[in-house]
1. Students often get this wrong: which residues of the range 139-157 have the backbone nitrogen under 16 Å from the point 7 angstrom along Cα-to-C-beta of ASN185?
2. So for the pair ASP270, LEU290, with labels modelled 7 Å out along Cα→Cβ, what separation do we get in nm?
3. Any of LYS117/LYS289; LYS117/LYS258; LYS265/LYS289 with alpha carbons more than 32 Å apart? Name them for me.
4. Convert each backbone phi in the range 18-24 into a coupling constant with the Karplus relation 6.51 cos²θ - 1.76 cosθ + 1.60 (shift: θ = phi - 60°), then list the ³J(HN,Hα) values in order as whole Hz, x for Gly and Pro.
5. With labels modelled as points extended 7 Å from the Cα through the Cβ direction, what inter-label distance (nm, one decimal) is found for SER162 paired with ARG320?
6. According to a simple spin-label model (label point 7 Å from Cα along Cα-to-Cβ), what is the distance in nm between ASP244 and GLU301?
7. I'd like the FRET efficiency for ASP142 and ASP60, computed as 1/(1 + (r/R0)^6) with the beta carbon distance as r and R0 of 41 Å, rounded to 0.05.
8. Loop only per DSSP, at most 16 neighbouring Cβ atoms within 10 Å: give me the trypsin sites (Lys or Arg not before Pro) in the range 109-215, ordered by residue number.
Amino acid sequence: PRLANQIAAGEVVERPANIIKELVENSLDAGAQHIDVDAEQGGIKLLRVRDDGHGIGKDDLPLSLSRHATSKITTLDDLEAVGTMGFRGEALASISSVSRLTLTSREKGSDEAWQVKAEGRDMQAEVSPAAHPTGTTVEARDLFFNTPARRKFLRTEKTEFSHLEDTLKKLALSRYDVAFTLRHNNRVIHSLRPAARTIDREKRVATLLNPQFMDNAVHIETEGAGLTIEGWVGLPTFSRSQGDMQYFFVNGRAVRDKLVVHAIKQAYRDVLYHGRHPAFVLYLWLDPKLVDVNVHPTKHEVRFRDGRLVHDFIFRSLHRALADIRP
Ligand code: ADP
Ligand code: MG
């Protein structure tokens, strides 16, 4: 129980974007190849994630809504080398406690689908038969219907949707092999096919972020000292006007990290004499033991075992790439 509490500390559903992150990560954990996200009114009225993953069996359906019943982590050592994305075993429980939640699933190999419902803290006892292809749909309606105080902290529909969309962008940029769609108020916002080749990946980046980015970016790929960095950095003419286009992934997870941004800006400054608003989509890969992803419960932050090494590696990689294209 101590470990469970340690992980749970500070874990809250604040807004629709948090929910989408948890649900889509569950779908990815389940091996989904297609993930459809539907939102209404910024996700406050409705959030629905449908996948074609391995599904959940009838007996496990109610369990997956109960707190910590499913945590895959048993020791602190496990915490340090988290392999799959989900590990706290409580996202669905948290989400169901602040919404009207329906979980429908058909397990791979089964010819029956089943459904459970929960409203706030009350879970409907019985599992009922449902119609669903192999995979899972989670639907959360009326976010914070039972906690008006928290509902007040939600911003406008538009703002909530833009957070939600940004969260989905980061997920789509971390799994090019998976197809995603995003609909808002029944309008298709993004429809992304799987992207295997570099050119298809570049297309996904361009569609999601900015159609001009790829015409104004260099591709980089560097390896050394057990680290790999790959991705795209924007040319200064483009970068200057795109201050918010900064996407950095560590071992496939989107992170915000001061040390990383510092290394990138320093490379820009060194080569181009200014480090203002670089635009980038970059992926850093390193031994999971050299990075701690549990600094913050929403996992946006990381702590590198050897920050100096990582900083210098990023700096040198970008320095070389930018020097090559210096006008
Ligand atoms: P965690 O992902 O940390 O285990 P969650 O509350 O997010 O906890 O999910 C609880 C459990 O429900 C998962 O461990 C998984 O077994 C099951 N589950 C949730 N979503 C899906 C899904 N989309 N497909 C298959 N299984 C799922
Ligand atoms: Mg999860």
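We did not get these values from a lab; they are worked out from the coordinates using the rules stated. Keep in mind that this is a model prediction, so the values were computed, not measured. With ideal geometry, Cβ positions are generated from the backbone for all residues, glycine too; neighbour counts draw on all protein chains shown.
1. Inside the label zone: 155-157.
2. In this crude spin-label approximation the distance works out to 1.8 nm.
3. Details: LYS117/LYS289 39 Å; LYS117/LYS258 42 Å; LYS265/LYS289 26 Å.
In this structure, LYS117/LYS289; LYS117/LYS258 lie more than 32 Å apart at Cα.
4. 4, 5, 4, 4, 5, 5, 5
5. Modelled inter-label distance: 3.8 nm.
6. Distance between label points: 2.3 nm.
7. Taking R0 as 41 Å, the efficiency between ASP142 and ASP60 is 0.95.
8. Details: sites: LYS117, ARG121, ARG141, ARG150, ARG151, LYS152, ARG155, LYS158, LYS169, LYS170, ARG175, ARG183, ARG187, ARG197, ARG201, LYS203, ARG204; in loops: ARG121, LYS152, ARG155, ARG175, ARG197.
Passing sites in the range 109-215 are ARG121, LYS152, ARG155, ARG197.
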